[in-house]
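The values are calculated or read from the model by the stated rules, or taken from the named source; none is laboratory data. In this text the structure is predicted, and so the values were computed from the model without any measurement. So basically every Cβ, Gly included, is an ideal-geometry build from the backbone, and we count neighbours across all protein chains shown.
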Amino acid sequence: RRIRKGAPVDTMYTVVSTSDSSFFVLDDQDKGFFTPASSEAKYLRPPSKGKSWWEFTNPFAYGKYYFGWRVKRAGEGHYPARWETKVPRDGEYELGFYYRVGKSWVGRNISRRFKVNVTSRDGTFPIEFQPTSTADGWLPLGRFHFSKTEPAVVELQDSGSGYIVADAIRWEFVE
């Protein structure tokens, strides 16, 4: 079968590393994800109750082989979840926040507002969105300029009421 000029073509490719891609995702299972309170649990001592991010598996979560997310009861904002990476090249990136909880217990008890801070080459930008009034999937956070020599940071605050969900952040090179 021949493809006519101008006809849409589906393409599929595998990204071996972020250094050769204009699109990559940092999941809660990846090296650049960090939750400060969960690292307080050492040896046989359990983590501090109410301050830690819990890890849950769920088919709605983003993942390559392991479908899971981190959940925390909202508090005063002292224990944020953090995604930190270096972008492969200087420029503007469109960021997306993965949120898809479906009709799980987390979805029924979710915080009304999520507060995110994006740190780029131009400074730190606070973003607030309402997950209950948005569609499930990739939620756009906006476009930001990043430098490949400085860390690109997205921080999800744990302030508010209800539960906060941390799963994945998508970086897509625009220009």
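Side notes on the structure shown:
- Qualifying strands (runs of 3 or more DSSP E) (wholly inside the stretch 103-175; at least 1 residues being under 14 Å from LYS72 (Cα atoms)): 114-120, 152-156, 163-166
- Residue in the stretch 92-101 that is assigned to a loop (DSSP other than H, G, I, E, B) and surrounded by fewer than 13 Cβ atoms within 10 Å (Cβ to Cβ) present: no
- Restricting attention to the stretch 58-91 and to residues that are touching a Lys or Arg at 6+ places or on another chain (Cβ under 8 Å), at pLDDT 90 or above and over 11 Å from LEU156 (Cβ atoms), the residue that is surrounded by the most Cβ atoms within 10 Å (Cβ to Cβ) turns out to be VAL87.
- Every pair of residues 6+ apart whose Cβ atoms lie under 6 Å, when the first sits in the stretch 51-73 and is more than 18 Å from LEU26 (Cβ to Cβ) while the second is modelled with pLDDT of 80 or more and among the polar types (S, T, N, Q): none
- From ASP158, ASP136, ASP167, residue being modelled with pLDDT under 90, under 15 Å from the mean Cα position of the chain (by Cα) and surrounded by 21 or more Cβ atoms within 10 Å (Cβ to Cβ): ASP158
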